[in-house]
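Take a look at the structure set out below.
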Amino acid sequence: MLNIRLLKTLLIILIFLFSVNIVFGVEPAPCDPNKDGVKVGDWCYNCGDSDGVCPNDFVADTCTPQTTIDPDCVSGICSQRIQSECTLVKDTQGNNCEWIPDCGGVLDRFCSYDTQTQSCPETARNPKQTDQSGNIIPSYRCVVQGSTTYQAVPGFCNTNCLLPSSQYCQQKTCGPNMVGGCQNQCVSYQCQECDLSCSCVQGWANANGDPVDGCEKKICDNSETSCIDGKDNDCDNKIDCADTECAGIQGPNNKVCCQSKNNCPADGSVSYSSCSNDNTLQGTQQTYSCTSNECIASNQNIQGSCNTGCCLPGQGGSVCKNPDKSSMMDIDTDAKNEICSGVSGSGNWIGANCQGQSCVTDPAQTESYNCVADNDCAGLNPGQCGEVKCINNQCITQAKADAQSVCQGIAAANGYQCGVYTGCTQTQGTQWQCGFYGESTLCGNPNNPNSYDLGCDGNFKCTINLCNQGQNPCGLCYSQCLIAANDPNRAPYSAQECVKNGLWAQCGGF
Amino acid sequence: MKKIIFIFFILAVSVYAQSERIDINLAEYEPDSGFSKISISNLYSTDLTNVKIKIDQSPEFLLTETFKSGGTVYKIINMPSGEHVITVTNDQGKTETKNLLFSLSKEEIIKTKEEQKKAEEEQAKFESDTAKLAEENKLSSDIEIAKEKEKNIQAGVYEEKSTNKILLVVIGVFVVGIIAMIWLVKRKSK
C-alpha cells in the first residue's frame, strides 16, 4: 500500500512539475553534445526522442557526410539511396525501399520501391541463368533513366551486353570507300571498344585520316586506262564503255565500246543469195548498232538494187551484172544470149526473167540479144556510108542519116570531078557503100557550064575526050557542036542546042 | 459484033496507052570502064519540055529543054555495075521510071565474090566474137556467183544440198530391188 501511495505521490509531483514547465514557459537548455538533447534555435530538445544520432535528427536536409548512417539523413526517395541506406527507413510515402541487385548497371546499384511498385519485378531479382563461367545472367536488363537511376526493362541495357557474347556489342565499320572494321568484344557484360582498323579501297585515299568519314579522295588516272575493269579510272563518272575514251575499243562482254554507230566495226559485206527480180538482189548482212554504249551485231535481210544493172542468180549466190555487153550471155540456157539493159533506169534482162536462184526465157523476148548500145556492135563492118546500130538489143547496120554528105566527102577525098551521088546501098553482107555515076555535064567549062569537050571516066574524072570518042560515035564534043552549028545542013541548029542535048545524036537522033 | 467492037476498042485504047510513054533503055554498057549509053525516047504524041534525068537518088540533071515527040536522046554516063533506077521527069508531069541492069564484068564478079566472102567472114567473126564473149561473160559470172555462194556458206546463209546424189542412188537401189523381187516371185510361181 505504501508503495502505491509513494507512486501516486511521485506521479502528482511529476504532473505538477510538467504543468509548471508548460504554464510558466520552460527556458530551453543549451545543447550539450555530450548529453541526450539538442538545442535548435532557442530550444533544446531531448535527444532521446530521436534516433540517437545528433545533431540533425529534427531538421531535414541538414545532414552532413559522415560514416555513420543516420536514418534521419536518408533520402525520402528510394532511388537516391545507396545500398546501405536502402532499407533503413521508409520513403516519404511510407513505402518500404528495397535493394535490387539484379539491376546493377554501370553504377552497380539500384534501390527501388517495394515489390508492390513493380518497378523491378520479382523475376528481376531472382536470376536463374548463368553464363559459362557461372556468372548469373540477369534476365532483365537495365536502362538509364536520367543520369543515375535505372529502370529494369526486359531485353535492353545501356551497357549493351550482359551476355558474355560479342554479338550484343556494336560492330565498328569503316567509312565509304574503305575496307576493314572491327567487332567490339563483350567482357564481363560490357562491350570493350575494339581498335578500328580501316584502309582505303584501290583508287581512293583518306585525306583527313579519319576512318569514320571514309576515304573521300579518289585517286584518278589521266584517262580511262582500262575499258574492261568495271572502274571509272579517270573519275569522270563514266565507267568503261560509257567513257567516250573507250569508243572503238574492246570493252567487257567481248563487245566493242561505242558512242555512236560510227565507233562500231564496219558493217559486214552483204551476202546475196538470190534475186527478187531482174533488178533486185536478195541476201543478208551483218550490221552493228550502238546500244548502251556497246556495238551489237545482228544479221539483217537485205535487198540491194542493181540500179541500172541486173541481178544474176545462181545456186547459192547472186550478183549484179553491168548493163552492157559484159552481161551478154545465155542465162536461161535456151541457146540464145540475153543481155542486161539499163536504158529504162533500172536493169532489165532482155530475153529472160530472173527470180530466186534461176532465170527463165521471157516469152515476149525470145530472140538472141547482143547489144544495149551502138558501140556494143563495134565488130560489124558498116561500109562506107553505113553505121552500126543496136536496134531492139540486136546489132545491125544501116545507112547513115547523112549518108549523102558522107559520100560526097568520100568523092571529094577521091578527087571525083564528075561523080554524082546516087545513094548509099547495102552491098555485101553488112556493108553500105556509096553509089556514084559519072555525069559528063559536070566536066563542062567552069565559065560556061553548058559547054564541054570532056566526058566523065570510070574513076569519075573528066578525062574522056569527047571529040575523039570512038565509043561515042554519035556524040559531038562542044567544039564539034560549034562547027556543026555553023553548018546549016547539020544538026544541031545552034551551039546552045548541041550542049543542052548533051550529045548531038546523028545516029537515031531527031 | 458489038462485043467484038468493044473488045477491039479496049485493046486499041490499051495499045494506045502502052504507046504513050517515055521509053528508057540501056543502049550500050561497058562494065570495065563503066561507059553506058542510055536511050530515052519520047513516045508521047506531044513534045515534052524541061526533060530531066535522075539516076537512083542522084540530083536531077537536065536532059534537054525540048524533047520532040518521037525523038530520042542518048545520055552518055559512067555507071557502076548493078541495078539502077532511071527516072525521067518533065514539065508535063509525064514521069517515067525504069530499073536498068548494068551487068557486071568478069573482074567485077570476081571482085564481088571476094567482097562477099570477106563480108561473110567478117559477119562470122563478129558472131564468133559475140559467142566467145558470151562464154567468157558466163564463166566470169559463174566465178562471181561461186564467190558469193562461198560467202553465204561461211555466213551460214546457204547450205549446200549434198543429199541429192545420195537420194538418187538410194532410189535407184530401191527400184532395182523391187524389180528383182517381182522377178523372183514370178519365177517361183512358175
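The values are calculated or read from the model by the stated rules, or taken from the named source; none is laboratory data. Just so it is clear, the structure is predicted and the values come from calculations on it, not from any experiment. So basically every Cβ, Gly included, is an ideal-geometry build from the backbone, and we count neighbours across all protein chains shown. Areas reflect the complete protein model, heavy atoms only, side chains present, ligands, DNA and RNA absent. Shrake-Rupley method; radii C 1.70, N 1.55, O 1.52, S 1.80 Å.
Tabulated data for the structure shown
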| quantity | calculated |
| --- | --- |
| For A:455-462, mean number of other protein chain Cβ atoms within 10 Å | 4 |
| Gap separating the Cα centres of the range A:377-411 and the range B:46-107, nearest whole Å | 29 |
| Cβ-Cβ FRET estimate between B:Glu28 and B:Ile110, R0 fixed at 25 Å, reported to 0.05 | 0.60 |
| Solvent-accessible heavy-atom area per residue, rounded to whole Å², over the range A:217-342 at 1.4 Å | 47 |
| Computed FRET value (nearest 0.05) for A:Asn414 with B:Lys52, which takes r as the C-beta separation and R₀ as 22 Å | 0.25 |
| Listing of the range A:319-359 residues, each with accessible area lower by at least 30 Å² in the full protein assembly than in the chain alone (probe 1.4 Å) | A:Val319, A:Lys321, A:Lys325, A:Met328, A:Met329 |
| Extent along principal axes [Cα atoms of the range B:67-182; Å; largest to smallest] | 102, 48, 37 |
| Neighbouring partner chain Cβ atoms per residue of A:284-291, average, 10 Å criterion | 1 |
| Total accessible area lost when A and B pair, probe 1.4 Å, Å² to nearest 100 | 4300 |
| Other protein chain Cβ atoms within 10 Å, averaged over every residue that makes up A:412-424 | 3 |
| Chain B: DSSP helices with Cα axial extent of at least 30 Å and average Kyte-Doolittle hydropathy no lower than 0.0 | B:163-189 |
| Long-range lysine pairs (8 or more apart or interchain), the range A:212-285, Cα under 23 Å | 7 |
| Residue-span extension gain [B:Lys132 to B:Leu184] - 0.36 nm each, minus C-alpha spacing | 13.2 nm |
| Mean Cβ count within 10 Å, highest first, over the residues of peptides A:275-286, A:386-397, A:333-344, A:317-328 | A:317-328, A:275-286, A:333-344, A:386-397 |
| Probe 1.4 Å, protein heavy atoms only - accessible area per residue of the range A:376-426 in square angstrom | 45 |
